[in-house]
Amino acid sequence: MSKITIPLGPQHPALKEPVNFTLVLEGEQISGSAVNLGYNHRGIEKAAEDRTFLQDIYLIERVCGICSHSHTTCYITCVEELAKAEVPERAKAIRTLVGELERVHSHLLWLGIAGYEMGFETLFMYTWRDREQVLDCLELVSGNRVHYGINTIGGVRRDITPGQKAEILKRVAILEERTKYYVKLGTEEATVLARTRNVGLLPHDVALERGAVGPTARASAVKRDVRKDEPYLIYDKLDFNLITHNTNDVFGRLVVRVLELVESYKIIRQVLDYLPEGPIAVKVPAKIAPGEAVNRYEAPRGEDFHYLKSNGTDKPERVKVRAPTMANYPSVSYMLDGGYLADVPMVIAAIDPCMSCTDRAMVYDNKAGKVRVYGWDELRKYGIEHYKKRGVDFTKL
Amino acid sequence: MQKPARALFEVLGHLFKKKATSNYPFEKAVVDARFRGRIAFESDTCIGCKMCVRVCPAKAIEIILSAEQPPAPAPAADGTAPVPVKKKFDCIMSLDRCIYCSQCVDVCPKKSLISTQDFELAHTDRKTLKRHYK
Ligand code: SF4
Ligand code: SF4
């Protein structure tokens, strides 16, 4: 059968954010695929360099609208590490609480999108309605539904009152009830099973080899979760399970996420019980001691990674973000190969891609209408040539 | 383990449930007291330190001297220097730039900036997005 190459995206009804996949088709089956990123590049890392550490919190929060707390917490931990600030225990507990509420809202959002992609819109409507409960909790705690702005250097900005605690517990109980239903629905409903079983297979060793993270890896029985591997905040004091599944397919990813919801409810209850008395923030000077720091954080989509370099001023010298979706893309092209065109949206959605997180570090040359990705050597040469034309010679450096 | 029409009873049950959505523009939406909405300004207490301007991540605030200043105090009867009156400041807030983080509210030493629950700020006229608080 003759091969035909088609583009999927950057604008496509099944994609929520711009990304392009080049698919080689043999009939209905995919025999090759490539991911092209860079449609959502906003230069956040560069912008971070001319803002103060404090202002960067609000910039980094906007790396992603879904896991905004993950990014700020990861970044702020780097800053606090360099400043040698002792974050109060209560602040850590509140950060953990917001982090888990965020995971609940993100997983419920994913479940809805998965329902939508598989053509089961009833599921989409129900999960998104129930998600309002957790969004209300977040508004209650932080003041906003999406960009919580709860973190500040040295602690958190808002405390939790006993009234809020009761309200959160009430809503978590409702969500727990609903999640039990989704566990049943997800594992028994014929539509779900037909669309997700044996779709987008990612065997255990391939997941390891391609460095998959988060629920994508855990659904291939990879025991990988930063909360367990390298506990941050107060995760070492909490009792929860690392959820894995061994079906390696989209169904496994669904099961992992839904069961993680149950674990998150457990964590939220424990954190609210634990909540130690004390201050919620310490003062940290605006100028941060020079040095480098890296940090990992288990975002809803997997391991989030931040690098920070400070030169002793009140602005960072370099901020680098490696979002979980970036780590999962190598696995996507494997998952797509050999599958059917109709399953593509399902497979892509199954890693819960977040383009706004991922697209920050691509270099393109648009000369002559051709898109070209530069390698490091070429990029260096190009840079030297460019400055030579302007009369600056960097060749000797 | 596969059960056909697993969601059927749930769907039928919803026929008798209350609506989950609200009739928003006609029914007022309530936000939490902690909600970070439009920033209001009180000129009486502002001392013009511009901490808010320095800290704002979106460059949304401007603090300027008011056009009308309070009259200079009359010299005291015994000839000593008069107590200077506090200068008056205006605040120009760009609602289209503001990201509603409330960092300026946190940092203001005089509590002159207040986070309100006002969130219905969309407008068809760009000029109205620049608010001049006196
Ligand atoms: S509003 Fe507050 S922070 Fe801003 S200049 Fe006035 S007193 Fe200073
Ligand atoms: S709320 Fe934030 S963005 Fe808006 S004026 Fe205040 S500091 Fe600036």
Original post:
Restricted to the range A:173-195, and to residues that are more than 12 Å from every other protein chain (Cβ to nearest Cβ) and modelled with pLDDT of 85 or more, which residue is nearest to A:Leu336 (Cα to Cα)?
Top reply: A:Thr179
**OP:** Give, as residue ranges, the strands (runs of 3 or more DSSP E) completely inside the range A:1-92 that count at least 2 residues that are β-branched (Val, Ile, Thr) and farther than 25 Å from A:Glu298 by Cα.
**Re:** A:3-8, A:20-26
Original post:
Taking the range B:78-111, which residues are more than 11 Å from ligand 1 (Cβ to nearest atom) and not in a loop (DSSP other than H, G, I, E, B)?
Top reply: B:Ile92, B:Ser94
Subject >> Count of the range A:109-127 residues which are within 19 Å of the chain's Cα centre (by Cα) and within 11 Å of chain B (Cβ to nearest Cβ) >> reply: 0
Subject >> Residue check, B:Leu121 within 13 Å of the chain's Cα centre (by Cα) and more than 11 Å from ligand 2 (Cβ to nearest atom) >> reply: yes
Subject >> Boolean, B:Thr21 is more than 16 Å from ligand 2 (Cβ to nearest atom), open to solvent by 40 Å² or more (accessible area, probe 1.4 Å), of a type outside the set (Lys, Arg) and more than 14 Å from every other protein chain (Cβ to nearest Cβ) >> reply: no
Original post:
Consider B:Ser66 against the criteria (1) in contact with an Asp or Glu (Cβ under 6 Å, 6 or more places away or on another chain); (2) within 14 Å of chain A (Cβ to nearest Cβ); (3) not acidic (Asp, Glu): it satisfies all of them except one. Which criterion is unmet?
Top reply: (2)
**OP:** Could you check how many residues of the range A:129-161 are facing chain B (nearest Cβ under 7 Å) and free of Cβ contacts under 8 Å to residues at least 40 places away in the same chain?
**Re:** 5
**OP:** Just give me the residues in the range A:228-272 being basic (Lys, Arg) and farther than 19 Å from A:Lys92 by Cα, in sequence order.
**Re:** A:Arg253, A:Arg257
Original post:
What residue, among those in the range B:69-124 that are of a type in the set (Val, Ile, Thr) and within 14 Å of chain A (Cβ to nearest Cβ), is nearest to B:Gly37 (Cα to Cα)?
Top reply: B:Thr116
Original post:
Within the range A:117-128, can one find any residue that is open to solvent by less than 10 Å² (accessible area, probe 1.4 Å), small (Gly, Ala, Ser) and either assigned by TED's automatic domain parsing to the domain that holds A:Ala299 or in contact with a Phe, Trp or Tyr (Cβ under 6 Å, 6 or more places away or on another chain) (or both)?
Top reply: no
**OP:** Out of the residues in the range B:33-52 that are without any contact (Cβ under 8 Å) to a residue 60 or more places away in the chain and within 12 Å of chain A (Cβ to nearest Cβ), state the one that is least open to solvent (accessible area, probe 1.4 Å).
**Re:** B:Arg34
Original post:
Identify, please: which residue in the range B:1-18 is open to solvent by 100 Å² or more (accessible area, probe 1.4 Å) and among the hydrophobic types (A, V, I, L, M, F, W, C) and is, among those, farthest from the other protein chains (Cβ to nearest Cβ)?
Top reply: B:Phe16
Original post:
Does B:Lys59 satisfy the criteria of being within 14 Å of ligand 2 (Cβ to nearest atom) and more than 14 Å from every other protein chain (Cβ to nearest Cβ)?
Top reply: no
**OP:** Within the range A:34-70, count every residue that is closer than 30 Å to A:Pro7 by Cβ, away from ligand 2 (no atom under 16 Å from the Cβ) and of a type outside the set (A, V, I, L, M).
**Re:** 12
**OP:** Out of the residues in the range A:43-88 that are open to solvent by 10 Å² or more (accessible area, probe 1.4 Å) and within 12 Å of chain B (Cβ to nearest Cβ), state the one that is nearest to A:Gly99 (Cα to Cα).
**Re:** A:Arg62
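For the range B:71-105, which residues satisfy the criterion of being within 14 Å of ligand 2 (Cβ to nearest atom) and surrounded by fewer than 16 Cβ atoms within 10 Å (Cβ to Cβ)? Walk me through it before giving the result.
From the range B:71-105, those within 14 Å of ligand 2 (Cβ to nearest atom) are B:91-105; that's our starting set.
Hits for the range B:71-105 are B:Ile92, B:Ser94, B:Asp96, B:Arg97.
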**OP:** Return only the number of the condition from (1) at pLDDT below 90; (2) away from ligand 1 (no atom under 13 Å from the Cβ); (3) in a loop (DSSP other than H, G, I, E, B); (4) open to solvent by 30 Å² or more (accessible area, probe 1.4 Å) that B:Lys127 does not satisfy.
**Re:** (3)
Subject >> Residue, nearest to B:Cys101 (Cα to Cα), within the range B:53-70, restricted to residues that are open to solvent by 90 Å² or more (accessible area, probe 1.4 Å) and in a loop (DSSP other than H, G, I, E, B) >> reply: B:Lys59
**OP:** Might you let me know whether the range A:98-110 holds any residue that is modelled with pLDDT under 90, small (Gly, Ala, Ser) and touching a Lys or Arg at 6+ places or on another chain (Cβ under 8 Å)?
**Re:** no
Original post:
Which one of A:Val347, A:Val319, A:Val332 is assigned to a strand (DSSP E or B), open to solvent by less than 10 Å² (accessible area, probe 1.4 Å) and not acidic (Asp, Glu)?
Top reply: A:Val319
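The values are calculated or read from the model by the stated rules, or taken from the named source; none is laboratory data. These figures come from a predicted structure and were not determined experimentally. Glycine also receives a Cβ, built like all others from the backbone with ideal geometry; neighbour counts cover every protein chain displayed. In case anyone asks, the SASA skips ligands and DNA or RNA and just uses the protein heavy atoms, side chains included. Shrake-Rupley method; radii C 1.70, N 1.55, O 1.52, S 1.80 Å.
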